[in-house]
1. Simple spin-label model, 7 Å along Cα-to-Cβ: LYS150 to TYR113 in nm?
2. Report P(r) for the stretch 140-248: all Cα-Cα distances, bin width 5 Å, range 0 to the bin holding the largest distance, values in whole percent.
3. Using a 1.4 angstrom probe and counting only protein chains, how large is the accessible area of GLU147 in Å², to 10?
4. With just the Cα atoms defining each centre, how far is the stretch 150-177 from the stretch 34-81? Give it in Å.
5. Would you work out the charge dipole size for the stretch 92-216 about its Cα centre, treating the Cβ of every Lys and Arg as +1 and the Cβ of every Asp and Glu as -1, and quote it to the nearest 20 debye?
6. Kindly state, to the nearest 0.05, the FRET efficiency for GLN90 paired with GLN124, given R0 = 25 Å and r defined as their beta-carbon distance.
7. How much length is gained if the chain between GLU196 and ILE253 is pulled fully straight, taking 0.36 nm per residue apart and subtracting their Cα-Cα distance, in nm to one decimal?
8. Report the FRET efficiency, 1/(1 + (r/R0)^6), for LYS35 and LYS159, where r is their Cβ-Cβ distance and R0 is 35 Å, rounded to 0.05.
Amino acid sequence: MTLESYKRKMMAKMNAAPETKVTCGINKDAYASSKRFLESFYDVPCQQLAKNLLGHILVRKLSDGTVLRGKIVETECYPGGDDRASHSYQGKFTERNAPMYMKPGTAYVYFTYGMYNCFNISSQGPGAAVLLRAFEPIEGMEYMLQERMKRRKNPGKIKHHELGNGPSKICMSMNIDKESCNARNMCSWDGLWVEEGIISHSVSDPDWLSAVHPNEVVTSQRIGIDSTGHESVSKLYRFYILGNPSVSKRDKIKENELDSSIEVVPRKMKLLVPTKINI
């Protein structure tokens, strides 16, 4: 299957369902934000997009009108090319990874281990995409909890920061799956998008569009790719917000390498919501 034939197939599928269009960055739907990012935000190199997404808000709107929001706190870069960990390594193209070759801002959802979904966003460059690894829940926590409990073997309490502290947990909490979200244009679809978070800094670099200061961003190795070899594993393609409790896995060595002379964020952050949710 070619990319063009895949696009035609997906467009036919999507046209069967109503879609709210965006004009000049403002979605006509009442639940969508005028701060929603359009293609220019995503049309940057993969590493840059992975960093720029930090601190901004992932929004999921369900068919019944339920709106879910989470602050993106951890990402990984998969640029394709010679990166063995990328699904598009050496230009590999399949029906599964086709969204990685679509225009920047396309959702790429894949099924892994026969039971989990993972959610990525395409960037500039053929076969390049950013994996969302973790978010901090902001809105719709009760719904997120219900979705997590559906797949939980042992009933009990789930801490607030555990609702989205991993790529598959993001998809479970926000009901992101391949059937409904894959290959969607996040610049125009009213079911899934990223909108601007609260900017906590003033940076002179025009390419730095993250909502957090560069000194708050930890750069580390990606997780769960050991089988791809030392070269891929050693690449510093994972980025997360220092001190955020929703990060899936901390790298204390890399945290200590940050410039300690600039105190931007405390090592421990207070949550503004209860640390546990009762079921």
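The values are calculated or read from the model by the stated rules, or taken from the named source; none is laboratory data. What you see is a predicted model, and the numbers here were worked out from it, not measured in a lab. Positions of Cβ are generated from backbone atoms using ideal geometry, with glycine treated the same way; all protein chains shown enter the neighbour counts. Quick note on the areas: whole protein, heavy atoms, side chains included, nothing else; ligands and nucleic acids left out. Shrake-Rupley method; radii C 1.70, N 1.55, O 1.52, S 1.80 Å.
1. Output for this residue pair reads 1.9 nm.
2. Over the stretch 140-248, the share of Cα pairs per 5 Å bin runs 2, 9, 14, 16, 18, 20, 14, 6, 1, 0 percent.
3. Around 10 Å² of this residue is reachable by solvent.
4. Taking the Cα centre of each part, the stretch 150-177 and the stretch 34-81 sit 19 Å apart.
5. Dipole magnitude for the stretch 92-216 comes out near 800 debye.
6. FRET efficiency, GLN90 to GLN124: 0.85.
7. 17.5 nm
8. 0.75
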